[in-house]
Amino acid sequence: HAADAHRTDLMTITRFVLNEQSKYPESRGDFTILLSHIVLGCKFVCTAVNKAGLAKLLGLAGETNVQGEDQKKLDVLSNEVFIKALVSSGRTCILVSEEDEEATFVEPSKRGKYCVVFDPLDGSSNIDCGVSIGTIFGIYMMKDVHEPTLDDVLQPGKNMLAAGYCMYGSSCTLVLSTGKGVNGFTLDPSLGEFILTHPDIKIPKKGKIYSVNEGNAKNWDGPTSKYVESCKFPKDGSSPKSLRYIGSMVADVHRTLLYGGIFLYPADKKSPNGKLRVLYEVFPMSFLMEQAGGQAFTGKERALDLVPTKIHERAPIFLGSYDDVEEIKRLYAAEEKN
Ligand code: P6P
C-alpha cells in the first residue's frame with residue numbers, strides 16, 4: 001500500500017531535517033530548532049503575501065488600516081518577523097538582512113552558534129502585479145561565539161552549512177540544502193506543514209532556456225554579449241535557447257533548477273559588480289545549484305570561492321546547468337588570454 005504509506009507517512013521538513021541531521025548528532029537539536037524558526041517566518045510571509053492583494057480591504061501591510069495608521073510595507077514587516085523569529089530561536093549570533101544597513105548582533109543571553117544571512121522578501125517590487133517573490137537565506141557557523149565580529153559572516157559561500165529559499169507563488173515552496181543534495185517542500189495550508197514534494201532535486205546537465213535582462217545588452221562586456229548571441233544564433237546548428245526572465249530571482253532560479261538552463265546577472269558598464277548581493281542572493285543560490293549538480297560562476301571565479309569584504313557587496317553571477325555555465329566560463333577564459 002505504497003500510496004497509503006505516502007498519504008499517512010507525511011515527510012515534513014522538520015522530520016526530514018532531523019533525519020538528515022542525525023548524521024551530525026551534535027548539531028541535530030540546535031540546527032533543527034534554527035530551521036523551525038526560519039520555517040515559521042516563511043509561513044508568516046506566505047500568508048501575508050497571499051493577502052497583500054486584498055490589502056486595501058483588510059488594511060494589511062503596505063496600506064493604512066481602519067484606524068488610518070500606516071501599515072508597514074510587506075518587506076519591512078517580513079524582515080521584522082524573521083529577525084524576531086531568529087533571535088527568539090536562541091541559536092543565532094549575527095544576522096545580516098537585505099533590509100538592514102548594519103548587521104544585527106544578538107544580545108549575549110540569546111546567542112547561539114549560527115549566523116543567518118537573508119533577504120526577507122526578494123523581488124518585493126513585483127508584489128502588486130502578483131509575480132512570485134521569495135525569501136532567500138544562508139547559514140554559517142560562528143567562528144567565535146564569545147567575540148562575534150563581522151568576520152563571522154564575511155566568509156566564502158563554500159563555508160555555508162545550509163542555504164535555501166521559499167517561493168511565494170501559486171504554491172508556497174521551500175527549497176533547502178544542508179550540504180547533502182537539494183530537497184523541495186510544499187506548504188500544505190490545511191496542515192500548516194511543509195511536505196517533501198521534490199526529493200533530491202538534480203538540475204539537467206544542459207538546458208534550453210537562458211534568463212537575463214536583455215534590456216542591459218548595451219552595457220554588457222564581450223564574453224556575456226558573445227554568450228547571449230550564441231544562445232540566440234547557435235553556431236553549431238542547434239536550435240536557439242528560449243528566453244525566460246521574470247525579474248524575480250527566486251522565481252527565475254526555481255525554474256532554472258527544475259527545468260535546466262542558465263540564469264545570468266552579469267556585470268555591466270553601469271554596475272561593474274552586477275546587481276545581486278553576494279551574501280544573501282548569490283551565495284545561497286550558488287550553493288543550491290552546486291548541490292543539485294549545476295555550477296555558479298562570477299565571470300572571474302567559482303561563486304562560492306568569493307570572499308566578501310562588505311555585508312551588502314554585489315557580484316556578477318552566471319548559474320545553472322553545468323554544461324551551460326561551462327560555456328560562459330570558456331568565453332571568459334578566452335577573453336583572459338587575449
Ligand atoms: P532587473 C529584484 O529586484 C531583484 O533583486 C532580483 O529578485 C531580480 O533577479 C533582479 O533584481 C531583477 O533586476 O535589473 O533585471 O530588474
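Every read-out reported here was derived from the displayed coordinates using simple, explicitly stated rules and does not represent laboratory data. Predicted model only: the values in this text are computed from it and were never measured. Neighbour counts run over all protein chains shown; Cβ positions are idealised from the backbone, glycine included.
How do 13, 209 line up, fewest other C-beta atoms within 10 Å first?
On the way: 13 25, 209 21.
The most exposed by this proxy come first: 209, 13.
Only Lys, Arg, Asp and Glu carry charge here, each on its Cβ (+1 for the first two, -1 for the last two); on that basis region 96-243 has a dipole of about 1080 debye about its Cα centre.
Here the contact order of region 284-338, divided by its residue count and restricted to Cα pairs under 8 Å and six or more residues apart, works out to 37 percent. In summary, the aspartates and glutamates within cross-link reach of residue 180, defined as a Cα separation below 13 angstrom excluding same-chain residues under 8 places away, comprise 20, 200, 290.
Is any helix in the chain, taking whole DSSP H runs, at least 20 angstrom long along its axis by alpha carbon and on average at least 0.0 on the Kyte-Doolittle scale, and which ones? Helices passing the filter in the chain: 25-52, 74-88.
Choose one of 256, 11, 89: the residue whose Cα lies farthest towards the positive end of the charge dipole of the chain (beta-carbon charges +1 Lys, Arg; -1 Asp, Glu; about the Cα centre). Final value for the positive-end residue is 256.
Out of region 278-323, which trypsin sites (Lys or Arg not before Pro) are coil in DSSP terms and have no more than 14 other C-beta atoms within 10 Å? Write out the running numbers ahead of the final one.
Numbers: sites: 300, 302, 310, 314; in loops: 300, 310.
Filter output for region 278-323: 300, 310.
Applying a 4.7 Å cutoff between beta carbons, the unpaired cysteines of the chain are 93, 115, 129, 231.
When only Cα pairs below 8 angstrom with a gap of at least 6 residues are kept, region 231-306 shows a relative contact order of 15 percent. Residues whose amide H lies under 5 Å from that of residue 133, counting only those 5 or more places away or on a different chain, are 168; hydrogens are built 1.01 Å from N in the peptide plane. Placing +1 on the Cβ of every Lys and Arg and -1 on the Cβ of every Asp and Glu, with nothing else charged, gives the chain a dipole about its Cα centre of roughly 800 debye.
Among the listed pairs 235/329; 158/310; 73/300; 84/113; 202/300; 218/310, which have their C-alpha atoms separated by more than 27 angstrom in this model? Let's see the in-between values first.
On the way: 235/329 17 Å; 158/310 17 Å; 73/300 37 Å; 84/113 17 Å; 202/300 25 Å; 218/310 29 Å.
Where the Cα-Cα span goes over 27 Å, the pairs concerned are 73/300; 218/310.
For the chain, the relative contact order is 15 percent, taking Cα pairs closer than 8 Å that sit 6 or more residues apart in sequence and dividing their mean separation by the residue count. Computed over region 208-289, the P(r) curve from all C-alpha pair distances, binned at 5 Å from the origin, holds 3, 14, 24, 24, 22, 10, 3, 0 percent per bin. Put simply, the amide H of residue 209, placed in the peptide plane, has neighbours under 5 Å in 242, 261, 262, leaving out anything fewer than 5 places away on its chain. Karplus-derived 3J(HN,Hα) values for region 172-187, using 6.51 cos²θ - 1.76 cosθ + 1.60 with θ = phi - 60°, are 9, 10, 10, 10, 9, 10, 10, x, 10, x, 10, 9, x, 10, 10, 6 Hz; glycine and proline are entered as x.
Taking θ as phi - 60° and the Karplus parameters 6.51, -1.76 and 1.60, the scalar couplings of region 211-219 work out to 9, 8, 7, 4, x, 9, 3, 4, 9 Hz in sequence order, x denoting glycine and proline. Our summary of shape: the Cα atoms of region 66-218 have principal axis extents of 51, 49, 47 Å, ordered from largest down, in whole angstrom. From the alpha carbon centroid of region 207-225 to that of region 89-113 is 37 Å. Put simply, the chain fits an ellipsoid with semi-axes of 32, 23, 23 Å; these come from the alpha carbon gyration tensor as the roots of five times its eigenvalues, largest first.
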